[in-house]
Amino acid sequence: MEKRNYDAGLPASSAPFNMCVRYGDLIFISGLPPFDEEFSRAVREAREQGHAIPPFPNPPFAEQVRLVMDNMKKLVEAAGSNMDCLLKVIVWLEDQRQAEEFDRIYRTYFTSRETLPARTRMQAGRTPMDCGLEVEAIGYVPRRSTRKTAPTRKRRAGRSSRKR
């Protein structure tokens with residue numbers, strides 16, 4: 001097995017990690033903050049030039065949740081899986097009072113109650129650049145269904161399988 005990294009074309013901030021790693025049938029999604037292309041570019045440029053990181057623009061919380069979950073979906077699909085194959089999700093909220101709003105949006109990314117992953121949700125002491133949340137996940141890549149044929153019996157050498 002080899003380790004493969006995926007970025008699904010998402011904006012990078014030059015942080016020292018890969019957004020999605022697949023090893024065999026397992027996928028690991030790094031903590032995703034709600035950074036859009038514009039903010040990621042500003043962070044990347046600040047790091048490259050040795051300047052202070054710009055403040056997070058803080059869009060409405062619902063927009064932050066959708067951006068994180070949309071990005072997670074893109075990464076999971078780039079690795080050959082889907083959201084229903086997530087096994088464990090960890091959510092850090094800047095403010096636990098936003099839990100209901102998070103849950104309302106989060107549920108829409110899964111096809112049913114039965115496909116929801118195990119999850120931990122907690123209030124963070126501080127999120128990256130003071131954004132509203134960060135979400136990470138572990139999942140798997142489903143095996144392709146193969147058409148099964150009836151098992152064949154091995155014949156033992158020198159014996160016939162028919163009764164005489």
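The values are calculated or read from the model by the stated rules, or taken from the named source; none is laboratory data. All values derive from a computational prediction rather than experimental measurement. When we count neighbours, we look across all protein chains shown, and the Cβ atoms used for this are built from the backbone with ideal geometry, even at glycine. Note: accessible area is taken over every heavy atom of the protein model, side chains too, but ligands, DNA and RNA are not part of it. Shrake-Rupley method; radii C 1.70, N 1.55, O 1.52, S 1.80 Å.
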- Item | Sites Glu63 and Leu87, calculated FRET efficiency, Cβ-Cβ separation with R0 22 Å, nearest 0.05 | 0.25
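Would you please report the Å³ per residue occupied by the convex hull of the alpha carbon atoms in the chain? Intermediate results must be reported in sequence, preceding the final value.
Values: hull volume 25.8 nm³, N = 164.
Once divided by residue count, the hull of the chain is 157 Å³.
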- Item | Accessible-area order (highest first, 1.4 angstrom probe) of the listed residues Asp95, Asp7 | Asp7, Asp95
- Peptide ranges 67-75, 103-111 listed from the most packed, as the mean C-beta count within 10 angstrom indicates: 67-75, 103-111
- Message: Along the Cα→Cβ direction, 7 angstrom out, place labels at Tyr23 and Met1. What is the inter-label distance in nm?
- Response: 0.7 nm
- Value in Å of the Kirkwood radius, where region 47-129 supplies the Cα pairs that are averaged: 14.4 Å
- Shape call for region 27-69, from the Cα gyration tensor axes a ≥ b ≥ c (a/c under 1.5 means rounded, otherwise prolate when a/b beats b/c, else oblate), comes out oblate
- Hey, can you rank 45-54, 129-138 by average C-beta count inside 10 Å, highest first? 129-138, 45-54
- Under the definition of Cα pairs under 8 Å and six or more residues apart, what whole-number percent is the relative contact order of the chain? 27 percent
- Task: At 1.4 Å probe size, with every protein chain present, just tell me what the per residue accessible area of the chain comes to in Å².
- Result: 67 Å²
- Task: Obtain the radius of gyration and the Kirkwood radius of region 1-83 from its C-alpha atoms and give Rg over Rh.
- Result: 1.01
- Query: How many angstrom separate the Cα center of region 48-104 from the Cα center of region 107-135?
  - Reply: 7 Å
- Ranked from highest to lowest mean number of other Cβ atoms within 10 Å per residue, what is the order of the peptides 82-90, 113-121? 82-90, 113-121
- Rounded to the nearest 500, what is the 222 nm mean residue ellipticity of the chain from helices alone, with -39500 (n - 2.57) per DSSP H run of 4+ residues and division by all residues? -7500 deg cm²/dmol
